[in-house]
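Here's the structure we're looking at; comments come further down.
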Amino acid sequence: MLRYYFMLGLRNLRRNPVLTGLMVLTLTVGVAASISTLTILHMMSGNPIPDKSSRLFVPLVDNGPLDGYIPGQLPHDSQLSYRDASNFLQGGPGVRRTAVVGVTGAIEQSRADLGTVEADGLATTSDYFPMFDVPFLRGAAWAPAQDKSTANVVVLSRRMSEKIFGAQDPVGKHIRLFNNDFEVVGVLGNWNPMPRYTHLINGNGGNFAGQDDIFIPFQTAIRLHTGTSGSMTCNGPSAPGYQGFLDSECTWIQFWFEMKSAVERSTLQDYLDSYTREQRKFSRFARQNINHLYDVMEWMDHLHVVSDDGRVSTWLAFGFLMLCLVNTIGLLLAKFSVRAGEVGVRRALGASRAEIFKQFLTEAAVVGLAGGLLGLLLSTGALWLLARQSERYAALAHMDWSMLLLTFALAVLSSIVAGLLPTWRACQVTPALQLKSQ
Amino acid sequence: MEIRPILSILLRNKIAPLLVALQVAISLAVLTNALYIVTLRYEAANRPSGVADESAMFMIHLSPVTKPAFADIMAQQQRDRETLAALPGVASVAWVNQMAMSQSGWNTVVATERTQPQPTAPAAQYLSSDSLVKTLGLELVEGRDFNAEDIEEVDMDQADPKMKQVIVTQALAQALYPGAASVVGRKMFFGTGADADESQIVGVVRRLQTPGAATGKRGEYSVIVPVRTSIPAAQFVVRADPAQRDRIMRDAETALRKITPYPVIVKVKSLDAIRADRYRDDRTLAWMLVAVSALLLLVTASGIVGMTMLWISQRRKQIGVRRALGARRVDILRYFITENLLITTGGIVAGLILAVGLNQFLVAQLEMSKMPIGYLAAGSGLLWLLGVFAVFGPARRASAISPAIATRAA
């Protein structure tokens, strides 16, 4: 019977074309507005690594000066000093550990006339790749031993490899980088997580736009004094020279621990607490602040990855969808009210109220389906327009399968919700009265 | 006079008028808040940066592929500077470490006294070996500009600059010495504690936005220090003839590439482009909100038209009877318009409450100020007009119903 009601609903779309058109249009616009803003929000707040997000942790230890410290405030910066990062790398717990620093270099091409290619990327350790499930197209990450020996090795992104080597396999070839010869050991597959959670405090594109194109060992970057392309906070004195900088309390390194499971969070917390206790012997960590741990989602929350703009527009778009719903209720009332005669006949012929209810609600859902289809088109158009506005939106404005399904669910659900009141009213028709007046 | 019968009819048939009123209420709430956000963004994007005649300015940034020795960079900087200044159409050149609105730069904290527990304010730290007052066209409201003797040349890998003299913006001067008529000659510290560098304020400029250009006073907390160093290798701000700016930008890039003896990455960007990039996302949001607001009004209007048409078709007989009993066409027209005004007014009253509630929610969630009453008044007026406008067409058709309808059987 439901199938029959569905066909009836489709046919009834053509009845009162103006009213139906208005209804479908209202739903379309409402759904498109909320879906396009929701897509942006969804991309901003999505979990980039759902399988592991609860057991990857960022540690924060507060090495700020005691001057001006108010107990209970958050650590003065969201990055670590070189001293803490290298101590964590050497002695920290967990399955894997990695330090991440942004570097900007330029690749000098073999032929001078090709010019230099600017390359943004990361200085990190070999653990980075398995830790974040980074896929390789060719070759592999450098060996842990090469972390220690500060080898001149580099992993390229696919796009950088194609830019410099074309379709050739670059593994084993050498490039000029930071005034040194670097051996290419691997090329990544298509990989650019959204948001770029592994290195959110970066200097090349922000949380969404941009891509890391070169990856070199962390200790190699230290040896070559590449510095950082991201931010650096120095809240204390430092001795002159590079060693002085490394020994200072300047914070400029992001750090990640991978634990076996989310439960081991307390193990990690204990380690951090005993670490800072130990370091106080060297008169460090004078603030005695709490040591913080953030898993992936907490970390993105801490750094306000979801912008206020994204939230505002989503709320307002949903306010708009509400309005469209109310409008649809009114229009459906109008549409159904002229069909009292039809209801009277059906009821007189033995249809129960429940049957009438089903029929009209199905009809409302059909309107929603039409609205969903058109809404999908419209939101694709809206997202396309948004993507042309800025690099950030270009990275964000992509509809995925879940959003596609949500569009239909939202359209049909809203039309059903809107249809409830008009349908209930249609069910109240008294057959005898209707038949008499005809 | 006519209101009582209209009200009693409305009360007897509650659902439809309630729906229209609800639409008006939601529209008003969303519309006023959306337009308020748009205005805030628009105002923020149009704040003056302090730079005179922005369309004449561009930045040129050179980063060597590998870091040359300090002396080499400093010598090259001088050559670059001279080359740029000699280009036809260039009015003024300054070496500088950052630019207003460029979204990336040096931040520091400043304090009035060394002994303060907390620094007074964050500040953007401009380093320049030339006169930013002259090149950027800053307005000097007190004190003097730097002269050649003030300039300090420092290799920051070896030592920190002493920064004995500074020029601050008026906003920062007020933060350091609230209410002071004059701050020239007064002290200022970079940070707090024993290690904080002490400086003397030699000049005050009316305005110079920070690279972040945050909203509010903070966006103008800038301090200029007469220092030349090797980090970043070379960044120049150039004032050129606005009519030829784009050509001069290309010339400048070519000229600097030619005279740099080591491989270098050159980036050239006009201040107009820097400003556009800084406010790009604000503009996108504003457009999105304007589009949603327009659609909102359209949907509300179509809702009113639809509902009025439905009532009229339901009340054809009633209208016929009234006409037959002597009501003029204008009376019918007035009836529907009055009815609509009653409904819209009800909606607007509810909408005002909803709008204030939504605004308070937004204020609580985001860094946003409260919406002024003017928006509510304007929004209400707009929706009243929209209501009358939307109902006018259907009401006219209603007034055209013939009195003869009354004589026909239902």
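Annotations
- Of all residues making up the range A:23-40, the number that are of a type in the set (V, I, T) and more than 8 Å from chain B (Cβ to nearest Cβ): 6
- Filtering the range B:186-219 to residues that are of a type in the set (S, T, N, Q) and either over 19 Å from A:N235 (Cα atoms) or modelled with pLDDT of 85 or more (or both) leaves B:S199, B:Q200, B:Q209, B:T210, B:T215.
- Among the residues of the range A:212-231, those identified as assigned to a loop (DSSP other than H, G, I, E, B), crowded, with 17+ Cβ neighbours inside 10 Å and not charged (D, E, K, R) are A:L224, A:T226, A:G227, A:T228, A:S229, A:G230.
Conditions tested, residue by residue: (1) touching a Pro at 6+ places or on another chain (Cβ under 8 Å); (2) part of a helix (DSSP H, G or I); (3) more than 8 Å from chain A (Cβ to nearest Cβ); (4) polar (S, T, N, Q).
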site	(1), (2), (3), (4)
B:L285	no, yes, no, no
B:V290	no, yes, yes, no
B:S293	no, yes, yes, yes
B:G303	no, yes, no, no
B:T308	yes, yes, yes, yes
B:I312	yes, yes, yes, no
B:G320	yes, yes, yes, no
B:R323	yes, yes, yes, no
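- Residue list for the range B:67-110, filter: of a type in the set (K, R), surrounded by 16 or more Cβ atoms within 10 Å (Cβ to Cβ) and more than 14 Å from every other protein chain (Cβ to nearest Cβ): B:R81
- Selection of the range A:225-261 for residues being aliphatic (A, V, I, L, M) and in contact with a Leu (Cβ under 9 Å, 6 or more places away or on another chain) yields A:I253, A:M259.
- Which listed residue is part of a helix (DSSP H, G or I) and not hydrophobic (A, V, I, L, M, F, W, C), from B:S92, B:S104, B:S63, B:S55: B:S55
- Checked against (1) of a type in the set (V, I, T); (2) in a helix (DSSP H, G or I); (3) touching a strand residue (DSSP E or B) at 6+ places or on another chain (Cβ under 6 Å), B:V110 meets all criteria but (2).
- Of all the listed residues (A:P17, A:P48), the sole one being without any contact (Cβ under 8 Å) to a residue 60 or more places away in the chain and not hydroxyl-bearing (S, T, Y) is A:P17.
- Matching residues in the range A:291-322 - criterion: being farther than 25 Å from B:R283 by Cβ and at the interface with chain B (Cβ under 10 Å from one of its Cβ atoms): A:M322
- When the range A:279-327 is filtered for residues that are in a helix (DSSP H, G or I) and of a type in the set (F, W, Y), the ones remaining, listed by number, are A:F282, A:W299, A:W315, A:F318, A:F320.
- Residue within the range A:198-210 that is touching a Lys or Arg at 6+ places or on another chain (Cβ under 7 Å), hydrophobic (A, V, I, L, M, F, W, C) and at pLDDT below 85 present: yes
- All conditions in (1) part of a helix (DSSP H, G or I); (2) modelled with pLDDT of 90 or more; (3) among the hydrophobic types (A, V, I, L, M, F, W, C); (4) crowded, with 17+ Cβ neighbours inside 10 Å hold for B:M371, with the sole exception of (1).
- Single residue of A:V343, A:V296 found to be within 17 Å of A:Q434 (Cβ to Cβ), crowded, with 19+ Cβ neighbours inside 10 Å and touching a residue at least 60 places away in the same chain (Cβ under 8 Å): A:V343
- Test result for B:P117, surrounded by fewer than 16 Cβ atoms within 10 Å (Cβ to Cβ) and in the same structural domain as B:R218 (by TED's automatic domain parsing): yes
- Selected residue (criterion: farthest from the other protein chains (Cβ to nearest Cβ)) from residues of the range A:164-183 that are touching a Ser or Thr at 6+ places or on another chain (Cβ under 8 Å) and crowded, with 19+ Cβ neighbours inside 10 Å: A:P170
- Strands (runs of 3 or more DSSP E) wholly inside the range B:219-278 containing at least 1 residues that are within 26 Å of the chain's Cα centre (by Cα) and surrounded by fewer than 20 Cβ atoms within 10 Å (Cβ to Cβ): B:264-270
- B:I332 touching a residue at least 12 places away in the same chain (Cβ under 8 Å) and either in contact with a helix residue (DSSP H, G or I) (Cβ under 9 Å, 6 or more places away or on another chain) or on the phi < 0 side of the Ramachandran plot (or both): yes
- Scanning the range A:376-393 for residues that are within 20 Å of B:D282 (Cα to Cα) and not small (G, A, S) gives A:L383, A:W384, A:L385, A:L386, A:R388, A:Q389, A:E391, A:R392, A:Y393.
- In the range B:116-131, the residues that are away from chain A (no Cβ under 14 Å) and either in a loop (DSSP other than H, G, I, E, B) or of a type in the set (K, R) (or both): B:S129, B:D130, B:S131
- Matching entry among B:I348, B:I405, B:I401, B:I337 (being touching a helix residue (DSSP H, G or I) at 6+ places or on another chain (Cβ under 9 Å), more than 14 Å from chain A (Cβ to nearest Cβ), more than 30 Å from A:S307 (Cα to Cα) and assigned to a loop (DSSP other than H, G, I, E, B)): B:I401
The values are calculated or read from the model by the stated rules, or taken from the named source; none is laboratory data. Just so we're clear, the structure is a prediction, and the values are computed from it rather than from any experiment. Because the Cβ atoms are built from the backbone with ideal geometry, glycine has one as well, and the counts that use them run over all protein chains shown.
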